[in-house]
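All remarks here apply to the structure that follows.
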Amino acid sequence: MIDIERKKVLIRDSYGGDALTPEPESYGKMVWRRFRKHKLAMVGLYILLFMYALAIFAPLLATQSYEAVDPPNKLKPPSMEHFMGTDHIGRDVFSRVIWGSRISLSVGFVAAAVAVALGVLIGSTAAYFGGRVDDMLMRFTEIIMAFPTFFLLLTIVSIVERSIFNIMLVIGLTSWPSLARMVRGQILSLREQEFTEAARALGATDARIIFRHILPNAMAPVIVSTTMRIGGAILSESSLSFLGLGVPEPYPSWGSILNAGRTYLLQAPWITTFPGIFIFLTVLAFNYVGDGLRDALDPRLKD
Amino acid sequence: MRSYIIRRILQMIPLLIGISIVNFTIMHLAPGDPVNLLVERNATAEQRERIKELYGLNDPIHIQYIRWISHVLRGDFGKSFVDGQSVSKTILERLPYTLYLNFLIMVVIYLIAVPVGIISALKQYSKFDHIMTTLAFLGQAVPSFWIGLILIYFFGLKLDWLPISGVGTIGLNMRTAGFWATFADRAAHVVMPVAVVAFGSLTGVARYMRSSMLEVIRQDYVRTARAKGLPDKVVIVKHALRNALLPIVTLLGSELPLLFGGMVVIESIFSWPGIGLLSIRAILQRDYQIVMAINMMGAVLMVLGNFLADLLYVVVDPRIKYS
């Protein structure tokens, strides 16, 4: 048995107490340093900052209200007055796209948050309690996973009242199962790792093991998957809106603007072009950032 | 092997029961009285009550479920609330179109993705590999309906090269136009839908192939084959490729139902008369019998697809034991 004093010395030494070894870098700093090296992830980050800036400053940037109709000026091509042209009832597409960034980005964010909250809760409960609780939760997860996600999404959206909030909620409610499985798998494997065993052998409490050793390690893949999921949720919302089952009129989301332009593809291709570019760039940016985070957060990848 | 299959099938039964219960429950959470779809708007309360009794809508929900599931087990999904047609018949009429489109998409995806993945792996970090990685990201981020609209705009409307909707020109068939003209017509109709879906999913399969190949060429037996002086071609084709293809084969099983679900958007853009178009129509009309049937079929396909994938894995990889 090591006496307490010696243990303290050992711990101090392991943190590099002497003058030769530099101060250990904080985890956040290390992640940021490694993330910065991923060029495409940085490009993605800038795109996202740009998109969120559009969403935040929408009232200042939009040249018109998103619902101001002007029938005499319908289907006008892009010009100095209407940067992205006008739609079939004369609404300014530029202003709608700018306001749409608010709706599309918040739908993506809230839907992903709902999915992650549910996924982490269900996955970690299953892993923590094990046995019958685990069995029941995982069987339920399997059942939900069996439904083709987009069909299920369409079905539920069709029976709830159409509102922006419900769209967010339903996208979140249909996309948690894979996360729950991932979290459960992570926790189960981390529980068996040597460092957990070591912590237990050193007499760490359950709480300390969970919060200090298991959760931080399980969080990395959750963060990565959340990032990509926001992009996925934006895509889901735009597909729903494209089919006419998403964000209700007159609210603009990138998908609903696209849907409105579908009928006028030949006369007014700009109505579909611009929102499409915004969806595409945003989802791409989330995927790149997610990819960069995966590399940056993985402690096994040394630089 | 046989006992493994039997056990897996037995495990599927509770899963399928669970799926059917969830499916039924969701549809019965739907607000609004389904009887409204069945009666004239100015029907009297008495008429409504008669219809309700006729369709068994007054029974408690578990009785309704048992009646529904016992019909489903006999392949009968009931009658559409909207047009009174048999749901099973309607679906069977549409199914061939979706399967036909899906089959072509799968062929195109695998024909392109497998060689692309192999080349990417063999020339890791080359220009080709980088371009493919970039394309993979693009393919995942681009909304399929947007690509569809762009293709329709250029090839369908501006250049007028390809038809923009349907399976074939109405009235044009083998009897009226001969084999080759019909073939050309059907092919022209299918090019754009296949291209759109293939672009979205191809890159994912290629990435999968790439990582599978990368893993295999680092194995000892590949190094041994190289060390004993076998030519590169033999090593790659005979030793590496065969093993790298294993996970790809099993991907087929799990990919099929995914494509099935992704058909809604594509069939809607190209007015393709398959299951996807049917489901969006049913959803908009609140034709819950059809929606329930499609959801059930999709889920069963997914379960079977996963089962098939696991089975294929066991078949193609002798190292895996059936436990």
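FYI, it's all coordinate maths here, none of it is from the lab. Remember, predicted model here, so these are calculated numbers, not experimental data. Cβ: placed from backbone, ideal geometry, glycine included. Neighbour counts: every protein chain shown.
Tabulated results
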read-out: Charge dipole of the protein assembly as shown about the Cα centre (unit charges at C-beta), most positive-ward option of A:His82, A:Tyr251, A:Phe109; value: A:Phe109
read-out: Spatial separation of Cα centroids for the stretch A:147-162 and the stretch A:179-208, in angstrom; value: 37
read-out: Lys/Arg +1, Asp/Glu -1 at C-beta; the stretch B:103-224 dipole; positive extreme among B:Ser165, B:Ala198, B:Phe155; value: B:Ala198
read-out: FRET efficiency, A:Leu281 to A:Phe140 (Cβ-Cβ, R0 51 Å, nearest 0.05); value: 0.90
read-out: 5 angstrom amide H check on B:Trp272, placed H, neighbours 5+ away; value: B:Gly166
read-out: Dipole magnitude of chain B about its Cα centre (Cβ charges: Lys, Arg +1; Asp, Glu -1), debye to nearest 20; value: 1320
read-out: Per-residue [θ]222 nm for chain B (sum of -39500 (n - 2.57) over DSSP H runs n ≥ 4, rounded to 500); value: -24000 deg cm²/dmol
read-out: Net lengthening on full extension, B:Asp232/B:Gln47 (0.36 nm per residue, minus Cα-Cα); value: 58.6 nm
read-out: Total charge dipole magnitude, the stretch A:49-194, about the Cα centre, Cβ charges on Lys, Arg, Asp, Glu only, Debye to nearest 20; value: 80
read-out: Under DSSP loop assignment and at most 15 Cβ neighbours within 10 Å, longest trypsin sites (Lys or Arg not before Pro)-free interval of chain B; value: B:124-217
read-out: Volume per residue that the Cα convex hull of the protein assembly as shown spans, once the total is divided by residue count, Å³; value: 248
read-out: Under the Debye formula (equal points on every Cα, no solvent term), log10 I(q)/I(0) of chain B at q = 0.07, 0.08 Å⁻¹; value: -0.41, -0.53
read-out: Whole-angstrom gap from the stretch B:283-320 to the stretch B:162-199, using each part's C-alpha centre; value: 29
read-out: Crossing angle, helix A:93-129 versus chain A [Cα axis fit, 0-90 degrees, rounded to tens]; value: 30
read-out: Projected label distance in nm at A:Arg132 and B:Phe128, using a 7 Å step from Cα toward the beta-carbon; value: 5.8
read-out: Where trypsin sites (Lys or Arg not before Pro) fall in DSSP loop in the stretch A:224-303, at most 10 other Cβ within 10 Å; value: A:Arg300, A:Lys302
read-out: Max mean-square fluctuation residue, GNM over chain A, Cα-Cα springs under 10 Å, options A:Gly131, A:Gly85, A:Gly231; value: A:Gly131
read-out: Chain A: calculated mean residue ellipticity at 222 nm from DSSP helix runs of at least 4, using -39500 (n - 2.57); value: -22500 deg cm²/dmol
read-out: Total charge dipole magnitude, the stretch B:92-187, about the Cα centre, Cβ charges on Lys, Arg, Asp, Glu only, Debye to nearest 20; value: 80
read-out: Using alpha-carbon coordinates, inclination of helix A:164-174 to the longest axis of chain A, degrees; value: 40
read-out: Crossing angle, helix B:87-122 versus chain B [Cα axis fit, 0-90 degrees, rounded to tens]; value: 20
read-out: Under 28 Å between alpha carbons - lysine pairs in chain A that sit 8 or more apart or on different chains; value: 6
